[in-house]
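Student: To start, I am sharing the structure in question, which I have written as structure tokens.
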Amino acid sequence: RNDIIADIVHVKLLVNKANEYKVALTDEETAKVAAETDDFYEKLTDDQISEMKLSYDLVKKVMNENAIARKVYNTIIEEAAIEVSDEEARETTIYDLFFEAYSVASSGDVTKFSDDEKQAQYERALQAYNTLINPIENTSNDGTSSTATNSTNIEGLAEYYGLVKSSYYTYTPEEIRDIYGDEIADSLYALEDGSYSLVTESEYGYHIFYMKALTDRDATDAHKQELIRFKRNDYMNELYKKWIDEKDPDFSYEDSV
């Protein structure tokens, strides 16, 4: 109920600002509101009309106010020109080939590996790294040979070594720092797309990172739109608060509704 009242208040405030922002509905927009009103009203039952004390004119008034409010809102947002850079919205996709240095019991208890067990994991990680970066010789059926790398076979290596915690991950820079720490994050952002890190030790074990995309285009664009929505909401909420203080400084949901 609080959210619904807030939405109604925002509509009223926006409509009140229509003249200030020189906003009015065009003939085409007015005709569209009339058509939407007809469509909505025709679907109402007699009981709904009676129970909610509706009339055609009331429905049309609400539809009209909503249309004007949307147009004022869009005008304000367009003038605000709120933008988010790729750097601010960056999402990075990596593959973490992870040789863990701990075990988790069915009870949830975590046990760190012994020094010997950690050394064994480190050697496995080195072996995997050498497999990734060293070229391999492929021989075709006709006897000719070609040289290729295992750059696309990191998932196969994870399966070969039974590394169930290895996977592709898409993170913001802040998330990478929170998970791996500043030192590893700095080394990751020094990688180029399509390259591998050295065997890297963290508090969890040993990692080989494959940098699939320093800036994952699809994920970054989606994150950018999300951040823009947040910034627009913050911007408008500041305006709503200012306008309410101007129109009705004593208004509050608890006291006024």
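Student: Could you identify which residue out of LYS22, LYS53, LYS165 has the top mean-square fluctuation in a GNM of the chain using Cα springs shorter than 10 Å?
Tutor: LYS53
Student: Restricting to DSSP H runs of at least four residues, report the calculated mean residue ellipticity at 222 nm for the chain, -39500 (n - 2.57) per run over all residues, nearest 500 deg cm²/dmol.
Tutor: -17500 deg cm²/dmol
Student: Right, something else. Averaging over every viewing direction, what projected area does the convex hull of the Cα atoms of the chain cover, in nm²?
Tutor: Its Cα hull, projected and averaged over all orientations, spans 26.6 nm².
Student: May I pose another question? Over region 8-133, what is the mean sequence separation of C-alpha contacts under 8 Å (at least six apart), divided by residue count, expressed as relative contact order in percent?
Tutor: 25 percent
Student: Carbon and sulfur: what percent of the chain's accessible surface (1.4 Å probe)?
Tutor: Here carbon and sulfur together make up 47 percent of the probe-accessible area.
Student: Hey, in the GNM for the chain with a 10 angstrom Cα cutoff, which one of ALA35, ALA128, ALA105 fluctuates hardest?
Tutor: So, out of ALA35, ALA128, ALA105, the one fluctuating most is ALA105.
Student: With the cut-off at 1.5 for a/c, could you classify region 154-218 from its C-alpha gyration tensor as rounded, prolate or oblate?
Tutor: Judged from the Cα gyration tensor, region 154-218 comes out oblate (a/c at least 1.5, b/c at or above a/b).
Student: Spin-label point model (7 Å from Cα, Cβ direction): what's the TYR168 to ASP115 distance in nm?
Tutor: 4.1 nm
Student: Among the helices of the chain (complete DSSP H runs), which have Cα atoms covering no less than 30 Å along the helix axis and a Kyte-Doolittle mean of at least -1.0?
Tutor: Flagged H segments are 56-80.
Student: Excluding same-chain residues fewer than 8 positions from LYS212, which aspartates and glutamates have a Cα within less than 14 Å of its Cα?
Tutor: Straight-distance partners of LYS212: GLU91, ASP96, GLU155, GLU192, ASP193.
Student: Given 0.36 nm per residue, what is the gain on full extension from LEU227 to SER106 after removing their alpha carbon distance, in nm?
Tutor: My answer for the length gained is 39.6 nm.
Student: Averaging sequence separations of C-alpha pairs under 8 Å and six or more residues apart, then dividing by the length of the chain, give the relative contact order as a whole percent.
Tutor: 25 percent
Student: Roughly how many Å² is the accessible area per residue of the chain, as a whole number, for a 1.4 Å probe?
Tutor: Counting only protein heavy atoms, the per-residue value for the chain is 65 Å².
Student: Towards the positive end of the charge dipole of the chain, with charges on Cβ (+1 Lys, Arg; -1 Asp, Glu), say which of SER50, GLY108, ALA89 has the farthest Cα.
Tutor: The one lying farthest along the dipole's positive direction is SER50.
The values are calculated or read from the model by the stated rules, or taken from the named source; none is laboratory data. Remember, predicted model here, so these are calculated numbers, not experimental data. Heads up, the Cβs are rebuilt from the backbone with ideal geometry, glycines too, and the neighbour counts pull from every protein chain shown. Heavy atoms of the whole protein, side chains included, go into the accessibility calculation; ligands, DNA and RNA do not. Shrake-Rupley method; radii C 1.70, N 1.55, O 1.52, S 1.80 Å.
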